[in-house]
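What follows is calculated from the coordinates using simple rules that are stated; it is not laboratory data. Just so we're clear, the structure is a prediction, and the values are computed from it rather than from any experiment. Here the Cβ is made from the backbone with ideal geometry for all residues, glycine too, and neighbour counts use every protein chain on show.
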Amino acid sequence: MKEPTQQKSSLAENLNIAPAGTLGDFTTTWRVLPISGLALVIGVLSAYVAVILLKLISFFTNVFFFHRLSTAPASPGDSHLGLWVILVPVIGGLVVGLMAKFGSDKIRGHGIPEAIEAILLRGAKVEPRLAVLKPVSTAISIGSGGPFGAEGPIIMTGGAFGSLIAQFFHLSSAERKTLLVAGAAAGMSATFAAPFASIMLAVELLLFEWKPRSFIPVALASITAAAARVHLLGGGPIFPVPAHDVVWAPAVLFGCLLAGLLSGCLSALLTQLVYAFEDAFLHLKRIHWMWWPAIGGLGIGIGGYFYPRALGVGYDVIQQVLQGNATVKLILGVLIVKCLIWSFSLGSGTSGGVLAPLLMMGGALGAVDALFLPHQGPGFWPLISMGAMLAGTMRSPLTGVIFAFELTGDYHSILPLLIACVSAHTFTVLTMSRSILTEKISRRGHHLSREYVVDPLEALAVEDVMRTNITAFPAESTIAELEAALAHNGNPRGQRVYPVINGDQHLLGVITRYDLLTAIENQRDGDHGNVQLSQVIAKAPVVAFPEEPLRLVVNRMAATGLTRFPVVTRNGAPKLVGLIGLQDLLKARELSVADELHRERILRLRLPPSMRWRRPAEKKLPHN
């Protein structure tokens with residue numbers, strides 16, 4: 001048996017009944033510390049996973065294009081396979097298709113939508129085999145020439161390891177979600193040496209909340225992975241560029257705005273292109289989806305034959321663009337060949353990421369912008385367009401700003417990046433209902449919203465919506481007296497729960513209308529008319545307090561299954577002050593809707609009488 005104090009503590013924990021004086025800005029408890037400890041372990045593990053994935057990509061690149069066993073970095077564009085280059089991505093796509101068919105079909109796609117789906121729909125539970133199949137399939141896909149990045153799969157893989165570790169402990173679904181996102185952020189942090197951007201990506205895209213209970217572990221995991229990367233792969237930035245001295249002339253500001261709009265246009269075009277190809281593959285009903293990645297590989301091979309540098313991750317291309325050495329051939333090769341083979345192969349359902357290709361295509365677009373925008377130094381406009389491209393395509397503007405900064409180390413570019421990223425974000429938000437990441441989830445029948453707002457149930461208190469004009473029964477009333485009162489008055493105000501009070505209006509218990517009618521029927525069958533109400537009431541009712549946020553009341557209703565609570569004062573004896581039910585909670589939503597839709601002018605500009613316009617007096621025509 002639990003001690004009484006333990007019972008009260010457990011009840012308060014389960015029903016979210018906060019003791020007096022404990023309401024605050026956040027609901028985070030000491031539970032965040034052990035979760036943070038697990039996040040530190042996940043951060044180190046994810047750094048090693050990122051290293052293994054990068055080594056695997058290099059290994060398969062060497063095997064497919066250079067026929068050697070090595071993990072040294074290699075670029076498919078440096079190979080000399082001739083026409084055989086068309087066949088290599090087909091083989092890679094075939095292997096990925098077989099792995100998806102006989103291993104797990106969740107390895108298909110670019111990783112981030114799958115991570116979001118696991119967070120929102122599967123209680124942050126990831127299959128153990130996915131932690132192995134996803135990085136291997138990605139390494140084969142990219143190593144055989146796939147024009148993808150490693151970041152999406154490493155986000156999914158790091159998240160898978162975070163989820164697996166969480167599943168070994170007695171954790172809630174929310175805590176598993178936190179550790180999954182911690183692994184995802186740590187994987188990205190280790191891959192790109194970008195801990196700040198990884199945290200922002202988690203906040204803007206993966207967590208779907210802004211709470212210290214999740215932010216602290218995710219931040220610690222990202223920082224730990226970045227520190228481990230220094231010892232495993234070296235520090236950042238991975239694309240260093242000379243700092244640009246930005247001149248804040250109106251032409252430069254307008255140029256940043258225009259660069260963002262152009263990046264937003266390309267973002268929208270690529271998103272539509274990816275899903276147009278996906279729709280085209282869906283029409284191949286006679287061909288099993290297992291073969292689709294091989295068909296996508298054929299498109300990759302053909303494109304790679306005409307422009308080999310479009311194959312693979314393309315970090316060397318990004319570096320060349322940022323140095324201001326982009327040639328016309330490179331610009332056209334990326335904007336035409338890379339865009340087409342990337343969207344075509346991604347639509348086929350193969351395994352690969354989107355961030356690195358977006359950086360490359362955004363950089364090529366920035367090289368075009370540099371031809372007509374004010375000169376700000378080599379690689380300035382490619383850098384601005386890279387960040388804007390991420391912001392517009394992924395609908396994560398702050399991530400785009402910080403990510404571009406951390407990749408290059410160019411601090412002076414932050415404000416120009418902010419202008420361009422907000423511009424691209426604005427364009428895609430207004431022109432597309434879904435991003436390249438959420439469209440896939442929507443096509444699977446799941447709607448999600450990425451807007452963070454303060455819930456009106458959090459902003460309003462019980463006293464703002466409770467009913468005070470209610471019926472309460474004295475405890476000394478007998479069943480016979482209540483039967484006569486109900487027969488005379490009917491159901492007072494439609495109440496279904498009646499508080500029972502003493503002479504000082506202190507709450508003693510509650511009785512439902514059903515229980516009251518049952519007691520009345522029982523007294524008709526026997527001689528129970530003189531039984532007092534205090535003898536048949538529930539004497540330990542669940543209550544609400546006037547100063548409580550409505551969120552706590554909703555949580556309490558969900559935990560107990562009850563939909564109506566008496567409202568009592570917290571200090572001293574519980575004095576009855578009102579009643580709250582589900583219908584009253586709707587008032588908070590009504591106020592929220594009114595705030596969104598009701599428009600009014602508060603202030604009016606009143607001109608002096610001498611400045612007001614007056615209608616000219618009409619001249620009267622003389623009568624004939």
State the extension gain, in nm to one decimal, for the chain segment bounded by VAL132 and SER70, taking 0.36 nm per residue of separation less the distance between their alpha-carbons.
20.3 nm
In range of the label at GLN505: residues from the stretch 573-597 whose backbone nitrogen is under 13 Å from the point 7 Å along Cα→Cβ:
574-579
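How big is D, in µm² s⁻¹, for the stretch 456-597 by Stokes-Einstein at 20 °C and 1.002 mPa s if Rh is the Kirkwood radius over C-alpha pairs?
Values: Rh = 16.1 Å.
This corresponds to a translational diffusion coefficient of 133 µm²/s.
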Per-residue ellipticity at 222 nm attributable to helices in the chain (runs of n ≥ 4 DSSP H, -39500 (n - 2.57) apiece, nearest 500 deg cm²/dmol) works out to -17500 deg cm²/dmol
Tell me the label only: which of (i) 28.9; (ii) 49.1; (iii) 53.5 is mean projected area of the Cα convex hull in nm² as calculated from this structure?
(ii)
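Starting from the Cα-Cα distance between ARG286 and ILE414, subtract it from 0.36 nm times their residue separation and give me the gain in nm to one decimal.
Working: separation 128, 0.36 × 128 = 46.08 nm, distance 5.05 nm.
Value of the extension gain: 41.0 nm.
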Two decimals is fine: what's Rg over Rh for the stretch 336-377, C-alpha atoms, Kirkwood radius as Rh?
1.13
What is the calculated FRET efficiency for LEU233 to LYS101, with r their C-beta to C-beta distance and R₀ = 30 Å, to the nearest 0.05?
0.35
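Under the Kirkwood approximation for Rh and a Cα-based Rg, what ratio Rg/Rh is obtained for the stretch 353-412? Mind dumping the intermediate values first?
Values: Rg = 10.8 Å, Rh = 11.3 Å.
Ratio value, two decimals: 0.96.
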Quick check on the stretch 456-597: of the DSSP beta bridges with both residues there, what percent are antiparallel, nearest 5%?
85
Once the Cα gyration tensor of the stretch 136-209 is diagonalised, semi-axes √(5λ) in Å:
24, 15, 9
Let me know the charge dipole size of the stretch 456-597 about its Cα centre in debye, to the nearest 20, where only the beta-carbon of Lys, Arg (+1) and Asp, Glu (-1) is charged.
160
Starting from the Cα of ALA459, step 7 Å along the direction of its Cβ; do the same at ARG604; then give the gap between the two resulting points in nm.
2.7
With both bridge residues required to lie in the chain, what share of the DSSP beta bridges run antiparallel, to the nearest 5%?
80
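Quick check: residue separation of VAL531 and ALA594 times 0.36 nm, minus the Cα distance between them. What number comes out in nm? Intermediate values should be presented prior to the final figure.
Values: separation 63, 0.36 × 63 = 22.68 nm, distance 4.91 nm.
Separation in residues times 0.36 nm, less the Cα-Cα distance, equals 17.8 nm.
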Can you figure out the FRET efficiency of ASP78 with TRP248, using R₀ = 45 Å and their beta-carbon distance, to the nearest 0.05?
0.60
A correct Stokes-Einstein calculation for the stretch 538-603, using the alpha-carbon Kirkwood radius, 37 °C and 0.692 mPa s, returns a whole-number D in µm² s⁻¹ of 240
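Cross-link list LYS55/LYS134; LYS177/LYS440; LYS55/LYS125; LYS101/LYS134: which exceed 18 angstrom alpha carbon to alpha carbon? Before the final figure, lay out the partial values.
Details: LYS55/LYS134 14 Å; LYS177/LYS440 20 Å; LYS55/LYS125 27 Å; LYS101/LYS134 13 Å.
Long pairs (Cα-Cα over 18 Å): LYS177/LYS440; LYS55/LYS125.
Nearest 0.05, what FRET efficiency do LEU87 and TYR452 give at R0 = 41 Å with Cβ-Cβ as r? Before the final figure, lay out the partial values.
Numbers: r = 48 Å, r/R0 = 1.17.
According to the calculation, E is roughly 0.30.
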Chymotrypsin sites (Phe, Trp or Tyr not before Pro), restricted to the stretch 291-384: which are DSSP loop and have at most 13 other Cβ atoms within 10 Å?
PHE372
Pair THR29, ASN469: separation of 7 Å Cα→Cβ label points (nm)
4.1
